[in-house]
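Encoded as structure tokens, the structure appears first; notes follow it.
None of the figures in this text is laboratory data; all of them are computed from the coordinates on show. This structure is a prediction, so every number in the text was calculated from the model and none was measured. We place every Cβ from the backbone using ideal geometry, glycine too, and count neighbours over all the protein chains shown.
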Amino acid sequence: MAALRSVLIWTGFAAALVGPIAIAATSPLLAWRGPIYIASGFAGIVALALVLAQPLLAGGTLPGLPARPGRRLHRWVGAALVAAVAAHVGGLWLTSAPDVIDALLFESPTPFSAWGVIAMWAVFAAALLAALRGRLRLSPRIWRFGHKALVVVVVIGSVIHALLVEGAMGTVSKAVLCVLVVAATAKVLVDVRR
Amino acid sequence: MVTVLYPIMEFAMLSAHFWYPEQYGKHQDKTGGIPLTKPQATRRAFICAGTTLAGATFIIGASGLLVPAQAQGLAPTPTMRGGANNYLPGASVVSRIGGGGFIMSGTVRRAGDGAPLAGIRIQIWAHTTEGYESDQRSHGATLTGADGAFSLDMPQIIPAFGQAHGHLAYEGDGFKTVFLRPIMANSKDKSLSAHFVLQPV
């Protein structure tokens, strides 16, 4: 029974990560986009998928992957998330610089841009806080509060950003992924108080 | 699931309204051809953007009442945020951009008395099935007729940077420059309109 549960959870997790990317790969919009624009869009989708993985890794929620090795992986995935966000923004910059500059200056006409930019800075800050953990000498309680607070901003910002964008992602798979991201983050935030 | 998402989206819309209050309601007035710039119009487009149908119906009804009042001293259309992005000045007047199939139309009137302006050159560009906004071939211009109306056949606009939208510009002698960035209510639409009220200089 436990084995079946574990198989189901891992299958669901893998489907939640791969499904939205596979569905986006079939989007008709891709026909009218160049390679850089396509790659930057997918970098954004990958980033959202990694935002789902992060709390599950940190919380040791996935069966067979307890918190200790999970957190080592959490650091690597965090670095990959920073890279994905950078690729997303960088690729969009190459595609249409004025639109990205507007977004970064919070002057964009599209509200989702601001949410994306807020989430981006929160991702960078959360990663920086993790990278400097040893040097900052914060008490574990303070450090955890800071990291968690930034993560909440990341999750809210990126979910709203994704939901408001009309892009390559499928509407349903995007909504499902967003719900899972919020649910996983909420569960781990509540569960992990160590 | 939808019920879970609604509060999130509603929150997003609210915050968008908070950040860009002047941004909403200046596009796609398909009824009177007058860009709606009053606060009520702001509220209308904000609600149309995706919260409640009932609210939208109510506000559209309310904004309809504003149109006659505005005709007295017609206010100039302000430039929209992001309207000038990827603008390539001096697009030539063409009978069609690329292969066509999508209609961009609108009207141009003079601020104050609302008189239709003939022979005004309106430049149009967008991300379409035939190219990026920044591609020269995505740009073209058209002239208004005696009734102040313009219409240009262009390739289908597709969502770019998260939103299906077009760009229009008035730049020339006699009136202040205006850049518009209308949003398509549905990215499958085959047409889009935008209206200019120009301020004489």
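Listing for the model above:
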read-out	value
Amide H partners (placed H, <5 Å) of B:Val197, local residues excluded	B:Thr77, B:Arg109
Sum of side-chain charges, A:Val155 neighbourhood, beta-carbon under 15 Å (Lys, Arg +1; Asp, Glu -1)	+3
Amide H within-cut-off set for B:Ala160, under 5 Å, with H built and near neighbours excluded	B:His165
Residue order, fewest to most beta carbons within 10 Å, for A:Ile160, A:Ile118	A:Ile118, A:Ile160
Which of B:Tyr132, B:Tyr170 has the fewest Cβ neighbours within 10 Å, and the rest in rising order	B:Tyr132, B:Tyr170
Dimensionless Rg ratio for the range B:121-188, taking C-alpha atoms and the 2.2 N^0.38 Å reference	1.14
Chain A: DSSP helices with Cα axial extent of at least 15 Å and average Kyte-Doolittle hydropathy no lower than -1.0	A:2-24, A:35-59, A:67-95, A:111-131, A:140-164, A:171-191
Inter-part distance where the range A:33-77 and the range B:141-171 are each reduced to a Cα centre, Å	41
Cross-link partners of A:Lys148 among aspartates and glutamates (Cα-Cα below 17 Å; sequence separation of 8 or more within a chain)	A:Asp191
Long-range HN-HN contacts of B:Gly112 with modeled amide H, under 5 Å	B:Leu74, B:Ala75
Residues A:Lys187, A:Lys148, B:Lys190 arranged by fewest to most Cβ contacts within 10 Å	B:Lys190, A:Lys187, A:Lys148
Relative contact order, percent, the range A:17-171 [alpha-carbon distance under 8 Å, six or more residues apart]	29
